[in-house]
1. Out of ILE613, ILE578, ILE596, report the one residue that is touching a Pro at 6+ places or on another chain (Cβ under 8 Å), among the hydrophobic types (A, V, I, L, M, F, W, C) and surrounded by 12 or more Cβ atoms within 10 Å (Cβ to Cβ).
2. Among residues belonging to the stretch 88-118 that are in a helix (DSSP H, G or I) and without any contact (Cβ under 8 Å) to a residue 12 or more places away in the chain, point out the one that is nearest to the ligand (Cβ to nearest atom).
3. Residues in the stretch 423-438 that are in contact with an Asp or Glu (Cβ under 8 Å, 6 or more places away or on another chain) and either among the small types (Gly, Ala, Ser) or at pLDDT below 95 (or both): how many?
4. Report the residue count in the stretch 191-235 for those that are within 15 Å of the ligand (Cβ to nearest atom) and among the polar types (S, T, N, Q).
5. Among the residues of the stretch 78-94, is any within 30 Å of SER403 (Cβ to Cβ), open to solvent by less than 40 Å² (accessible area, probe 1.4 Å) and modelled with pLDDT of 95 or more?
6. Which residue out of GLU175, GLU125 is farther than 25 Å from ASN21 by Cβ, open to solvent by 20 Å² or more (accessible area, probe 1.4 Å) and away from the ligand (no atom under 14 Å from the Cβ)?
7. Can you pull out the residues in the stretch 114-140 that are over 30 Å from LYS67 (Cβ atoms) and among the polar types (S, T, N, Q)?
8. Looking at GLY340, GLY281, which one is open to solvent by less than 40 Å² (accessible area, probe 1.4 Å), touching a residue at least 60 places away in the same chain (Cβ under 8 Å) and out of contact with any helix residue (DSSP H, G or I) (no Cβ under 7 Å at 6 or more places or on another chain)?
Amino acid sequence: MKWHDGTRENPKPCREKDEGNFEITIRDGQARLGKLHTKHGIVETPCLLPVINPNIRTIEPREMWDKYGIQALITNSYVIWKHDKLKNVALENGVHSLIDYPGMIMTDSGTFQSYVYGDVEVGVEEIVQFQKDIGVDVATMLDVFTRPDMKFSEVERAVIETIDRGKISVDTADEMMLNGPIQGGLYPDLRAKSAKGMSELGFSVHPIGGIVPIMEQQKYKDLAKIMFACKSNLAPNRPVHMFGCGHPMLFPMLIAMGADLFDSAAYVLFARDGRILTPWGTEKIAELEEWPILMPSITHFSPADVRKMNKEERTILLSKYNLEITLQEISRCRQAIRDGTIWRLAERRSHEHPALREAFLWLTTNPSKMKMEPLILDEVSASKEVGEEKGRWEENWDWLVNSQLTPRGGGESWGGMDTLNRPHIEMARRKVISRWKSRKPGDVILFHGTSAPWRDKIGGLVERICSLDYELFIQTPIGIIPWNLEDLNPWAHVEGPDWLWNSKPDFVKVQNELKSFGIHDRKLIPIDISDTEDLHNRVFELLGIEPTGREPDHKKENQIVDKLCVLCNVKQTDAISIIEGSTFVMSRTGRIRNVINSEGEHLFSPRLAEGGISLTVSGAKKLHQLRTGKIPSGFDSSDLNQHVGKGPAWVVVDSDAEPFVKDGRNVMHGFVTACDEWTRPGEIVLIVNSSGELLAFGRSQSTPAEFETFTKGIAVKVREGCP
Ligand code: GUN
């Protein structure tokens, strides 16, 4: 909130019992909008913590709070400790008074100085105690910096030493929130060891350390590998901070991989050098006739005006400009998380710089081994890494894919071959491929040549032939899809140029895809539906069926059966018996709105916007009754393939939560005691008590590891309680 005089109200401390907690409010895969609870306010993430040098304040911290709404910043406790004047004021009045800033203050510990200048003379406990004494909100332990040129054994020693120091530091910090940096240089195994070891200690935040030289050398592929190795091994309930990372170009990719906090002095350092940070790289003021982006700080000046300023004036102005651009890119990422498009943003940004492109391609193709072959030979094939240990990164890719929400609203805009490797598309494909089962023994008809909605174009034709033995598929730019799932996202909403839809099926690739659907050795009958003129007769002739004399055979229930299998993980035979004898309430456009069983109970409602399915209480009860497995007892997670047909995942809540959940209230983190191994964010789940009785149903917001570790925020969005 702003006061009329341009100042902003001071932050309210979080509730005492919440201090140090991190909660997710919205997620998009591993990217998350979160809240970090601190004594000096609840900080909304992802965010940038500008670096403040307590000796040189190019932009006043107070201005950062009042004018830019910056909720948190970082300064260096070692610098304060070393300068008697600063030290005494900080000890006397606290760090917030020293730098005149009311928001959350994080401090670093001197590790970076030891990397730049050699040893620092402060002790491990001493620097943590000092940070406590000056009242910082989030302190940092004295970790051991790992350089990218260090040998494995040296890095290993540093990782072990950091973990050992971590134990002492956590004890010294006591109630104070503490950063536990992850080291490990360029060695994925050591990054994983560091992440696991540090996760076990009582830290509040985990910065990724030792990445400054990697970013300076623009080795973004190494940065992506480090991020993968760290993030997938860290406790998911702790925010992750990118130490020394403040170039806006890197934000989308890192946020898509789960980064929550950034800090950087880049806005000032680059300004001093007359350089501007942009989401597409760095520009020199000396070469600019026009501003690349208009921002409040420079609206009254041209680049030429700024060049004429004295150095100090120019540095202040360009620092503000850099900060504004940087903050804007963070805002753009936050909005993309809300819109479910963070991966798309990272994909777009990857084209801005060759090193970023290299990183992005490595990320999307090497670990995943490209499940779909590209239609044309392109950079993907060219960028394949030679000599990379086989399968080395597959687990990490699975970790990323397993957090994706699907199906989801909104169109999928085609962005070239990258589209095929978007993790949420891969997740959607995995679900369909593992859970859908063919029910027809005959040849495969593949409709191709046009975009959705296919039911409007060939719905009538399909009604005529769907009772025959043919298995019907549609070709889309992101793979083939069974006809019964024709309105399911992402396949049903791919926005792309005509040639994408017009392209003829490649028989070898389609057969490969059919194989992944469990369909082998069937004849493929492609039918081009780009021109519907006389299509019925052409198809009847092709298939050798009589054009007249048969009533259309409405097989609408097949659609529901397939959706129950794919979206609720129901066994096909069970789905068929649930739907047997059902009647349907239809929409004006001839789509099923409600499914009513033979006893007159409303069980399910297809979601017309994205092709999903909603349960009713009766529907949830039916699915609950089907359960044959035992009540889950832990938080393990495993491949969807291993659990096909076991029904919607169960989430077990403790007895305190039971009455609330039964009443239709959301399940909050901290009250979940176990869940099935196939629980995924966005999936329909049944919420049960410890005896397995159904309490409610809803959509999981979390992975099993998140259920296990988070203590704040919504765990399952409950749709309805089951009385
Ligand atoms: N600042 C930049 N990198 C690092 C790091 O690895 N550790 C600490 N403590 N601070 C940093």
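The values are calculated or read from the model by the stated rules, or taken from the named source; none is laboratory data. Everything numeric in this text was worked out from a predicted model, so none of it was measured. With ideal geometry, Cβ positions are generated from the backbone for all residues, glycine too; neighbour counts draw on all protein chains shown. Accessible surface areas use protein heavy atoms only, side chains included; no ligands, DNA or RNA. Shrake-Rupley method; radii C 1.70, N 1.55, O 1.52, S 1.80 Å.
1. Numbers: ILE578 fails: touching a Pro at 6+ places or on another chain (Cβ under 8 Å); ILE596 fails: touching a Pro at 6+ places or on another chain (Cβ under 8 Å).
One residue alone meets the criteria, ILE613.
2. Initial filter on the stretch 88-118 (in a helix (DSSP H, G or I)): 88-93, 95-98, 111-117.
Checking which are without any contact (Cβ under 8 Å) to a residue 12 or more places away in the chain leaves us with 88-89, 92-93, 97, 116-117.
Values: ASN88: 24, VAL89: 23, GLU92: 26, ASN93: 25, SER97: 24, VAL116: 10, TYR117: 13 Å.
Per the stated criteria, the residue is VAL116.
3. Let us first name the residues in the stretch 423-438 that are in contact with an Asp or Glu (Cβ under 8 Å, 6 or more places away or on another chain), namely 425, 436, 438.
Retained after the next criterion (residues that are either among the small types (Gly, Ala, Ser) or at pLDDT below 95 (or both)): 438.
Of the residues in the stretch 423-438, 1 are in contact with an Asp or Glu (Cβ under 8 Å, 6 or more places away or on another chain) and either among the small types (Gly, Ala, Ser) or at pLDDT below 95 (or both).
4. Result for the stretch 191-235: 3.
5. Quick first cut of the stretch 78-94, residues within 30 Å of SER403 (Cβ to Cβ) only: none.
Checked the stretch 78-94: no residue is within 30 Å of SER403 (Cβ to Cβ), open to solvent by less than 40 Å² (accessible area, probe 1.4 Å) and modelled with pLDDT of 95 or more.
6. Only one candidate passes the filter, namely GLU125.
7. Step one: of the stretch 114-140, the residues over 30 Å from LYS67 (Cβ atoms) are 114-130, 132-133.
The answer is SER114, GLN129.
8. Values: GLY281 fails: out of contact with any helix residue (DSSP H, G or I) (no Cβ under 7 Å at 6 or more places or on another chain).
Within the list GLY340, GLY281, the selection yields GLY340.
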